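Structure, as structure tokens:
The values are calculated or read from the model by the stated rules, or taken from the named source; none is laboratory data. Because the structure is a prediction, the values reported are computed rather than measured. Here Cβ is always computed from backbone atoms with ideal geometry, including for glycine, and neighbour counts include all displayed protein chains. Heavy atoms of the whole protein, side chains included, go into the accessibility calculation; ligands, DNA and RNA do not. Shrake-Rupley method; radii C 1.70, N 1.55, O 1.52, S 1.80 Å.
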There are 2 protein chains.
Amino acid sequence: MSKNKPHKSALSKHEGVSQNETTNRAAISKFLNKRNKDFSSDALANAIVKGDTIALSRAITLVESTNPKHLQKANEVLAKCLPYTNNSIRIGITGVPGVGKSTFIEALGNNIANNSSKLAVLAVDPSSSITKGSILGDKTRMEQLANNPNVYIRPSAAGTSLGGVARKTRESIILCEACGFKYIFVETVGVGQSETVVHSMVDFFLLLKLAGAGDELQGIKRGIIELADAIVINKADGNNFKNAQKAKVEFNRALHLYPPKPNGWVPKVLLTSATESTGIDKVWELIEMYVDQAKKESFFSKKRMEQHTFWLHQTIEDRLKSNFYNNEQVKKALHEQLTAIENNQTTPFAAAQYLLSLVSK
Amino acid sequence: MSKNKPHKSALSKHEGVSQNETTNRAAISKFLNKRNKDFSSDALANAIVKGDTIALSRAITLVESTNPKHLQKANEVLAKCLPYTNNSIRIGITGVPGVGKSTFIEALGNNIANNSSKLAVLAVDPSSSITKGSILGDKTRMEQLANNPNVYIRPSAAGTSLGGVARKTRESIILCEACGFKYIFVETVGVGQSETVVHSMVDFFLLLKLAGAGDELQGIKRGIIELADAIVINKADGNNFKNAQKAKVEFNRALHLYPPKPNGWVPKVLLTSATESTGIDKVWELIEMYVDQAKKESFFSKKRMEQHTFWLHQTIEDRLKSNFYNNEQVKKALHEQLTAIENNQTTPFAAAQYLLSLVSK
């Protein structure tokens, strides 16, 4: 929350009211902060570290910008925030549309926020870069959670590449951590490789599923079952309960296809009904159990360092490729070489050698 | 076969004999050719195009060499052979040890060679680069096939990387095609990513399986089912026949998980017994049907061009990475940057940016 005086006092008048918050706190402080447009990176970082979510939003906007000036400022803010990070639990949540993801996140999120823990909800949605829509839209999908003062919801970062979206989300996580958020949810609908991307930036990866025969085969096929630390079969209520129990057996069998995870964690299958709020507490217990075990055996920080290393190399390789293929000489020669290959005049390997020689000159 | 006079006349004496060949023709011509050690690339290419398998073996040895001089000569030979290529049918065959791969290849291969078509058998075996053993060893595994004058068997190329082995195998295919081999088998045991590598250099990909409950899940998990143009359940004989029929149903179900292939081909599941030689003709009919359809709809050449493009980019990207990581400055700084990330002093993205700046200077 903002530390500006007028905002603070206005809010305190509402503190004791038990009814739902009807004032949009974010809008108020946004209005009050409007005049201070040119925050320095120092001021931004200081405000973030003090828990100012308006400053946090501004910094995330910088991270998401394509303007080189903004990116430079974003890097300055990030550098100043770094010492205050790594204190959160990052939880990845994925599931196809219709699985009840919003309701589930709302139920699990309220569980956290009502225990006065601060929760940030971010999203990775590669499809938004095409449709220009954003997964969390105007937050209407999670109304109750959005109004909780302990919760910060940020719509999905858009971008031209999954790599770009990944960078933005990872840097947003850093900023949220510096801002004091103890729990960070990273949500994805699972388009393209987005589950893999989210998996490589979270501590715990949760796969939401519905009861449905054969669905576990799809999960195996797409390599998603392998990523899961827990599989939650949602909508396990009413007539659906029996099917959900059957699905639990099937998913447990599918999990047995994989060797144990390096940390010895055996993924679990749980049943929930987000609408009836059953099973949510069990999910939370499981996540806490995992984190306890991971921290005790120092696997927690080891996994984070592996993720850092992964992203370092990923970024380097993406850039090497784009530098090469955007070279004007290569662009022209690539087309010629492909034609030569098609006409049986050269091999792919000789062509590659030739193209590489253009750049090393 | 060599075109040297003494060899030719010696061979012609055996032509009409219906019994198994007892003379090792390769050994004879090797002996006769022994004195001409220093083949020029012109002479090698000319001999290959005329069907000389001794010259073919020499050229493949050049392709496999790590000596830069040999590689240059190999490239010259390849360039001269290129106009004579693209006339073969390339068939990838994979299956775990114990599936009866050698017996199957021998049965299918004899089917081809006895119809006076020339067949070359190559192998991709990434494990051989570690064990220094070669998958086809001394050809003893396929004794009958190895003695067939229409058949050329080349043990696996070794190499330090799958990419290197892939290049050598692809270039060997080119040489075999120039040498007049109409059919080329590329065999692999399926270690690491070798199935994917072989799949990306053949026209038809055949997956050998045994009857065994749950095995189709492993195939889905490893992404191999998706690659198959046909699944052949081998050892479908005796007590095993019933299980094989059950496995056929399971694999057909697994195949339904995938969308139809771009060329409209629907993968088939067949039963064979390589030891009893049943079902082999059906496999052959299926391959011929596929090739007919692929050529009629010009998918055949389209797929080959896609494979060329894939290997062009793969080679470029491998080289870009190795050039970068072998840079002395990068090597030193990479370690420092990883430590800085671990100590929360920088982000993977900032570190990547810094490392890339070292090279672009």
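Okay, here's what the table says:
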item	result
Residue list for segment A:319-353, filter: closer than 21 Å to B:Val359 by Cβ and not basic (Lys, Arg)	A:Leu320, A:Ser322, A:Asn323, A:Phe324, A:Tyr325, A:Asn326, A:Asn327, A:Glu328, A:Gln329, A:Val330, A:Ala352, A:Gln353
Residues located in segment A:178-195, provided they are more than 11 Å from the chain's Cα centre (by Cα) and open to solvent by 10 Å² or more (accessible area, probe 1.4 Å)	A:Gly180, A:Lys182, A:Tyr183, A:Gly190, A:Val191, A:Gly192, A:Gln193
Tally, over segment B:322-355, of residues that are within 11 Å of chain A (Cβ to nearest Cβ) and under 30 Å from A:Phe300 (Cβ atoms)	22
B:Ile174, sole failed condition from (1) in a loop (DSSP other than H, G, I, E, B); (2) within 30 Å of A:Phe349 (Cα to Cα); (3) among the β-branched types (Val, Ile, Thr)	(1)
Some residue of segment B:295-316 being more than 14 Å from chain A (Cβ to nearest Cβ), touching a Gly at 6+ places or on another chain (Cβ under 6 Å) and not aliphatic (A, V, I, L, M)	no
Segment A:222-239, subset open to solvent by 50 Å² or more (accessible area, probe 1.4 Å) and either assigned to a helix (DSSP H, G or I) or farther than 15 Å from A:Thr94 by Cβ (or both), residue nearest to the other protein chains (Cβ to nearest Cβ)	A:Glu226
Residue match in segment A:97-105 (condition: within 30 Å of B:Gln353 (Cα to Cα) and more than 14 Å from chain B (Cβ to nearest Cβ))	no
Residue among A:Arg90, A:Arg35 that is open to solvent by less than 50 Å² (accessible area, probe 1.4 Å), of a type in the set (Lys, Arg) and either at pLDDT 90 or above or outside any helix (DSSP H, G or I) (or both)	A:Arg90
Checklist (1) surrounded by fewer than 20 Cβ atoms within 10 Å (Cβ to Cβ); (2) more than 18 Å from the chain's Cα centre (by Cα); (3) within 14 Å of chain A (Cβ to nearest Cβ) applied to B:Gly164, failing item	(2)
